[in-house]
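Working notes for the structure below.
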Amino acid sequence: MKAIQMYEPAMCCPTGLCGPSIDPDLLRISFIMHHVQNQPTITAERFNVTNHPDVFVENQQVNQLVMEEGMDCLPITLVDGLLAVKGRYPTTEEFSEWTGIPTEELAKKPKIRLNIKGDVSK
């Protein structure tokens with residue numbers, strides 16, 4: 001089973017999709033993660049410092065990067081436990097490469113309402 005984990009900077013909610021202005025990149029990531037999390041052969045999780053500080057401490061690789069480089073190294077994306085991207089969100093194309101899901105599918109707006117206040121990690 002493919003595993004994708006995203007470690008994100010502090011946000012006001014688990015997705016960062018709240019407040020007066022929504023970051024389009026966070027909206028894109030939420031759409032992608034919705035599609036990826038619905039795949040039976042993929043585990044996809046998002047963690048941010050505000051809501052999951054213990055996860056940052058428990059993962060030695062992430063903890064070391066944050067200790068050495070500070071919060072500027074976030075977001076960090078691990079694929080199957082290996083560092084795939086740091087300091088930025090992955091592109092839609094990168095997600096497609098990792099998951100085998102076509103970029104057109106990943107970019108589609110979900111036909112359901114995303115829960116922007118709840119925990120979106122699996």
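The values are calculated or read from the model by the stated rules, or taken from the named source; none is laboratory data. Note that the structure is predicted; figures quoted are calculated from it, not measured. Here the Cβ is made from the backbone with ideal geometry for all residues, glycine too, and neighbour counts use every protein chain on show. Calculation scope for accessible area: heavy atoms of the full protein, side chains included, ligands and nucleic acids excluded. Shrake-Rupley method; radii C 1.70, N 1.55, O 1.52, S 1.80 Å.
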Report the label-to-label distance for Q39 and V57 in nanometres (one decimal), using points 7 Å from each Cα along the Cα→Cβ vector.
3.3 nm
Hey, what's the per residue convex hull volume over the C-alpha atoms of region 31-97, in cubic angstrom?
100 Å³
Post the alpha-carbon centroid distance, region 25-60 to region 62-99, in whole angstrom.
11 Å
Using a 1.4 Å probe on the protein heavy atoms only, what accessible surface does H34 show? Give it in Å² to the nearest 10.
40 Å²
